[in-house]
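Structure record follows, encoded as structure tokens.
The values are calculated or read from the model by the stated rules, or taken from the named source; none is laboratory data. The structure presented is a predicted model; accordingly, all values stated were derived computationally and were not measured. Reconstructed Cβ throughout: ideal geometry from the backbone, glycine too, with neighbour counts over all protein chains shown. All accessible areas refer to the heavy atoms of the entire protein, side chains included, with ligands and DNA or RNA removed. Shrake-Rupley method; radii C 1.70, N 1.55, O 1.52, S 1.80 Å.
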Amino acid sequence: MAVSGKRPEHRGPPELFYNEAEARKYTHNSRMIEIQSQMSERAVELLGLPEDRPCFLLDVGCGSGLSGDYLSEEGHCWVGMDISPAMLDVAVEREVDGDLMLADMGEGIPFRPGTFDGCISISAVQWLCNADKKTHSPPKRLYRFFSTLYMALARGARAVLQLYPENALQLELITAQAMKAGFSGGMVVDYPNSAKAKKFFLCLFVGPSDVLPKGLGTECSDEKPAQAEFVRERVRFKNAKGLSVKKSRDWVLEKKERRRRQGKQVRADTRYTGRKRRPNF
């Protein structure tokens with residue numbers, strides 16, 4: 001997970017961060033293009049689409065249309081939505097095959113129930129965890145996104161959302177809101193033991209639960225596969241009111257996160273954050 005302070009979502013709202021200069025990188029930076037293409041290919045693989053017919057897909061946070069290019073190559077029709085006008089302008093210049101929409105995913109997916117056969121999203125969902133305006137509530141915006149996405153997908157469809165969670169708290173927030181909206185599924189982690197190649201894919205099912213795909217790079221590992229299915233019980237130790245125990249590591253992390261959202265300067269999280277110290281004599 002990225003170090004606090006270097007993440008794009010800490011530098012401003014997405015519609016401002018992805019300006020014209022940033023958008024151009026997605027057409028000139030070969031390394032960036034390669035990574036986007038690889039993650040798009042993996043997301044489509046996890047969708048488990050039928051091979052005998054084209055599908056109608058939604059690309060959330062489509063940006064300049066790099067992920068949409070792969071959907072088109074696979075013979076699928078798609079609609080892309082993004083909050084950045086500059087990124088969509090680049091997509092128009094590139095003459096992508098899909099239809100494009102300027103929209104904020106935190107305000108919901110504006111399509112009729114059962115419209116899409118599947119959904120992918122590359123590096124977008126974590127932006128909903130930040131309150132860029134006083135009226136923004138990350139839990140409410142995440143729930144609005146997931147609940148309307150659930151409605152827009154056909155019965156039996158999947159949504160595969162690649163994301164860069166900042167920490168375990170953020171990951172729990174995202175998965176909890178997805179489960180609350182009605183999805184089943186879980187997190188698929190590719191190459192869990194690699195600092196650079198590690199990738200998180202939230203694989204969501206509409207309707208009955210399906211078998212969660214296995215993460216790449218786990219075949220030769222003696223550890224339990226890096227997957228997490230949604231469960232009803234809390235993993236972290238909470239008190240009777242459902243709050244983190246005061247002075248615990250989770251309590252410290254939550255407090256620091258609240259202060260960051262208030263615009264205050266907070267030291268970066270490390271492995272020593274919330275560490276219990278020996279008593280002084």
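Below are the figures for this structure:
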read-out: Of the criteria (1) modelled with pLDDT of 95 or more; (2) within 25 Å of GLN36 (Cα to Cα); (3) within 17 Å of the chain's Cα centre (by Cα), which one ALA152 fails; value: (3)
read-out: Residue ID - surrounded by the most Cβ atoms within 10 Å (Cβ to Cβ), chosen from residues in segment 67-84 that are touching a strand residue (DSSP E or B) at 6+ places or on another chain (Cβ under 8 Å) and under 16 Å from THR27 (Cβ atoms); value: SER67
read-out: Residue among LEU88, LEU102 that is open to solvent by 80 Å² or more (accessible area, probe 1.4 Å), in contact with an Asp or Glu (Cβ under 8 Å, 6 or more places away or on another chain) and farther than 30 Å from ASP210 by Cα; value: LEU102
read-out: Counted residues, segment 54-63 - those being outside any loop (DSSP other than H, G, I, E, B) and touching a helix residue (DSSP H, G or I) at 6+ places or on another chain (Cβ under 9 Å); value: 4
read-out: Test: residue in segment 29-44 that is part of a loop (DSSP other than H, G, I, E, B), surrounded by 17 or more Cβ atoms within 10 Å (Cβ to Cβ) and over 16 Å from the mean Cα position of the chain (by Cα); value: no
read-out: Residue under evaluation SER37, criteria (1) touching an Asp or Glu at 6+ places or on another chain (Cβ under 8 Å); (2) small (Gly, Ala, Ser); (3) on the phi > 0 side of the Ramachandran plot, criterion not met; value: (3)
read-out: From the options LYS276, LYS214, LYS241, residue that is at pLDDT 80 or above, open to solvent by 100 Å² or more (accessible area, probe 1.4 Å) and of a type outside the set (S, T, N, Q); value: LYS214
read-out: Where GLY207 falls short, out of the listed (1) at positive phi; (2) modelled with pLDDT under 80; (3) of a type outside the set (Ser, Thr, Tyr); value: (2)
